[in-house]
1. May I ask you to derive the FRET efficiency for residue 4 and residue 46 from their Cβ-Cβ distance with R0 = 25 Å, giving the value to the nearest 0.05?
2. What list do you get for 35, 66 if you sort them by fewest beta carbons within 10 Å?
3. Along Cα→Cβ, 7 Å out, is where each label goes; now give me the distance between the ones at residue 71 and residue 27 in nm to one decimal.
């Protein structure tokens, strides 16, 4: 891992071939931005200390959510927003930190 600041929330935007990550510290500052495959994402998250993992709800998110929970992370799935194409990983991170916002589970 290349960041010295511990990641409190990891926002993930899932795609067909690659996933975008945005890691935020406890104060909400983005400390990590990466793009990787799903297989790389699973390996990367296994090396992280327990944190909140936020993803937009879709069929692939449920499988990955169970995988991340098995690694000790807390998973939050957010409701999808139609038409949003940029900044989805950061948006998932931010919405998961709100009290009731649009995060569920």
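1. 0.85
2. Ranking 35, 66 by Cβ neighbours within 10 Å, fewest first, gives 66, 35.
3. Result for the modelled spin labels: 2.6 nm.
Bear in mind these aren't lab numbers, they're just calculated from the coordinates by the rules spelled out. The structure presented is a predicted model; accordingly, all values stated were derived computationally and were not measured. Neighbour counts are summed over all protein chains in view; Cβ atoms, including those assigned to glycine, are modelled from backbone coordinates with ideal geometry.
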